[in-house]
Each structure stands twice: as structure tokens, then as C-alpha cells.
1. From the list 296, 239, exactly one residue is of a type outside the set (A, V, I, L, M), modelled with pLDDT under 95 and either assigned to a helix (DSSP H, G or I) or within 20 Å of residue 402 (Cβ to Cβ) (or both). Which is it?
2. So which of 361, 366, 376, 383 ends up being part of a loop (DSSP other than H, G, I, E, B), touching a helix residue (DSSP H, G or I) at 6+ places or on another chain (Cβ under 9 Å), at pLDDT 60 or above and not aliphatic (A, V, I, L, M)?
3. Consider the stretch 277-291. How many of its residues are under 34 Å from the mean Cα position of the chain (by Cα) and open to solvent by less than 20 Å² (accessible area, probe 1.4 Å)?
4. Write out, first by first residue and then by second, each pair whose Cβ atoms fall under 6 Å of each other, whose residues are 6+ apart or on separate chains, and whose first residue, in the stretch 158-183, is open to solvent by 50 Å² or more (accessible area, probe 1.4 Å) while the second is in a helix (DSSP H, G or I).
5. Pull out all pairs, ordered by first then second residue, where Cβ-Cβ is under 9 Å, the residues are six or more apart or on different chains, the first lies in the stretch 192-218 and is without any contact (Cβ under 8 Å) to a residue 12 or more places away in the chain, and the second is part of a helix (DSSP H, G or I) and surrounded by fewer than 19 Cβ atoms within 10 Å (Cβ to Cβ).
6. Residues being of a type in the set (Lys, Arg) and under 22 Å from residue 311 (Cβ atoms): count how many of those fall in the stretch 239-292.
7. Which residue out of 371, 316, 294, 358 is more than 30 Å from residue 133 (Cα to Cα), β-branched (Val, Ile, Thr) and open to solvent by less than 50 Å² (accessible area, probe 1.4 Å)?
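The values are calculated or read from the model by the stated rules, or taken from the named source; none is laboratory data. These numbers come from a predicted model, not from an experiment. Cβ sites come from the backbone with ideal geometry, for glycine too, and all protein chains shown count toward neighbours. To get the accessible areas, we keep the full protein, side chains included, count just its heavy atoms, and leave off ligands, DNA and RNA. Shrake-Rupley method; radii C 1.70, N 1.55, O 1.52, S 1.80 Å.
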Amino acid sequence: RERNLRVRTASLALLASAATLLNGAEGFVPAAKSPSLAAKPTTVPGRIESTDLSSEAGTGWDSFKNLKDIPSGEESRKFRRTVYTHDDWKKHRSQDRFIYYIAAIFKSGVYKNLGREVSAVTLVATFIVIWNCIVGGFTDLEGIQQAALVDGLPKIGLPLSAFTLTSPSLGLLLVFRTNSSYQRWDEARKNWGMNINHTRDLVRMANAYYDGRNVTPEQRADDLNHVALCTWAFVRSMKRHLSPEEEDEQEFRVELYEKLPQQQADMIIAAAHRPNRALQDLSYAIDDLPMHFIRKNEIHKAVTIFEDDLGSSERILTSPVPLFYSRHLARFLALWLFFMPLGLYDAFSGSWNHVMLIPATAVIATMLIGIEEIGTQLEEPFTVLPMQAFCDKIYNWCMEIMSWSPGDNGRIMNEVKTEHGYFTTGASANGDANGYAAPAPAFQEPAAPAAPGQADTNAQWAAGAMGRR
């Protein structure tokens, strides 16, 4: 009786502690009978209120939320192209995130990809439990120990030390795998970040440097619009270049014919390397702008950065983590997990017929193979990056920047200073300096005539110098 009383007291203490942690001191206060007080939400001082994870706000935190049949494999990658908003970040750091993640564990696309591997390891654990019951005896449902069904066969098992010695090596391989894959994803994302930054920089300089004194407003708008479209055409061609053909080819053609002149779209589509053709069109568009060549060179620097980003992305796409590393890790992990139940068998002797070995093996296999799966999914980053969203934003931003004009903010632009006239002077007749006149040379005094006999001396000295050469 005293023992039951102690157990009951301990249980009540644990429940009270849990209520205090979850609800604060208000967890012990009875619900208010007043309707106004009862409807008032409880707030705990010092605790950040949780965000409603079931709300529809945001776009990127749970891309699978409204899907009835959650895809796996390659089909799931398109739903991982997340673009976060502030509402998404609130959900991401919510205090209830662990509860939500655990509740949604069976909806995880990563774990769905592991079904066959985890099932195979679990079957090995099941076989070991059944085999040892058959050859070594078992406990029936009434708790009575039964003799072996088959005599003369040994029970199977391995010392746990074999897995203790090899687990650090396996851990290092898994860490390096995920780190190298994340670095590839991070570099690909930085490449697109550079594209976003320098597309805005390019169109900003083109708009600011444009010399519109000798052109009509319509011509200025057409020139700048062409530069903006050529800028977008490059990033859209780069996106198609880095995406699977079956996923993006049709949409790529439709977008090009909608936004570009037909002949320009035809030339890009027919090119063997479409981003290169789009960059060439962009270079032509920049070179055709009325401004001094020094300013054009500054704009062309952004085009060079585009080429660097493209080359870096192509390197990531065509060069995986060395295959012998990935394959050795997969073999190491598979063999380690297949033999692991043999080492864990004796550790579960406290459970009925060691049966808890089976779910423990399934959980361990899911976690370890999941790490390798994450590394494999990140290794090729372009089909999980929101490249289409990047291209759409670049188009919108470029067109908006090109719609602005000097003085439209109400501030009158100053006249060009005399010392800057070289960069903005109108075109000269002979087309000096990319169509812009160079300043007239300063006046120089005529050279004094040579003294008598000096010309002959100079000629002799020059002839002697040529002979020595």
C-alpha cells in the first residue's frame, strides 16, 4: 500500500512539472468562469508565443502541405524550390516545430525515398530474431520459456565492439559527404545571387549612363527596353541550360516568344549553347547604346561576371563528387547496417524475445541512410533551387529600373560639367571614340629649325645606330 502511494505521488509530481513547463504557472489556475476572461488567450511572461503552423501564410516553409499524394523521387524535387518570406521564417523558428516535424514524419519525401533500403535492413533484423528463437528457444505469450524448435544449429550474433570501432569512420564519411554536397548547393545559390545582383547593376548603369540628348524619348525607351530584355534572356537561357529538357524546354520556348522579337528568339533557341548566344545579344545591345566607350566597358564588366557564373554552374552540373567516394560510402553504410542487428541482438535481451531489435534497427537505418540521402539530393543543386522564381524577379526588376528616367523624382538634373564634356560630347564626323569626339589637341609651338649642318649630323648618328643593331 505504501509503495502504491509513493508511485501515485510521483506520478502527480511528474504531471505537475509537465503542466508547469508547457503552460507556466497558469497551468494550475482553474479556467475563468467569466466569458470575457475565458476567451482571453493565456500568455506566459518571458515566453515567445508560437506561430500557427497550420496557417496558410508564406510560400516556402511547407511546400507539400496542400498535396494529397505526396510525391517521392525526382517528382519531389520541384516542391523543394523554396523562397522564404517573413511568415515562413516565423514558422521555421516556431517553438512547436519539433512536434510538427515528428507528426509529419510519415509524409517526409526524404524518408519515402528510403523505403526499400530501410525495409531490407529491417528484414535482416527480423530474420535474426526469428532464427535465434527457432534455434535457441523462445518465450511464448504466457511468459513460459520454450525449447528450441531445431537442435544442432547455433544462434547468430557479433560483438558490439566491431561496430563501435568502425562507427567513427562511418560518421566521418557521412559528414564529409553532406558537407561537400552543401558546399555545392551553396556555390550554386551564390552564382544565382551574383546574377541577381549584377543584372540590376547592369541595367542601372545603362539607364544612368545613357546620353539621351540626341535621341527621342521613344528611342531611349526602346534601347533600354532591349537591354533589359537581353539581360533577362541570358538568365532564362542559363536556367534552361541547367534544367532537364523534359521539364523546362516547352516553357522556355513559350517565354522567349512572348517577350523577345521572333528573330532574336529563333537565334537563341537554335544556338548550340543558348546562354552564350544570349550573352552575345546583350553585348551587342550594350555596344549600341549612345555613351562613351569607357562607360560601356564598365557595363561590360557585369557581362563578364555572368560568364563566370555560368562557367561555375556548368562545372557543378557536370562534375559530381568523385564516384568512388560516393560508392564506397554507400557500400560501407549498407554492410554496416546489414550486420548491425547481429551486434545489437544481446543489447535487447530485456525485451520479449529480443523483438525490440526490429523497430530499433528500422529507426537507426532511417536516420543514417537519411543523412546519405540528403547529401545525394543536395549534390545536384539546380533542380532544387527556385531558378524560375529568380528569373521572374530579374525580369520584373530590370523592367522597373528601365522605366525610370533622369529627373522623374522631381529633382532637376545638373548640366554636364566642362571637365566631363569628353564623356558626353556628341558624335564626331570621323567617329572617334566609339562615335564620340575626342577633345582637340592643345596648341603646340612649331619646332625651331635645325642649325646649319645639324641635319647631316643627326642623319649620320641615326645611320650608325641602325648599323649597330
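1. The match here is 296.
2. The unique qualifying residue is 383.
3. Result for the stretch 277-291: 6.
4. Cβ pairs passing all conditions: 158/342; 158/343; 160/343; 182/378.
5. Note: pairs meeting the criteria are 197/305.
6. 4
7. Going through 371, 316, 294, 358 in turn, the sole match is 316.
This table checks each residue for (1) part of a helix (DSSP H, G or I); (2) modelled with pLDDT under 95; (3) within 17 Å of residue 239 (Cβ to Cβ); (4) in contact with a strand residue (DSSP E or B) (Cβ under 8 Å, 6 or more places away or on another chain).
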residue	(1), (2), (3), (4)
257	yes, no, yes, no
267	yes, no, no, no
272	no, no, no, no
275	yes, no, yes, no
279	yes, no, yes, no
306	yes, no, yes, no
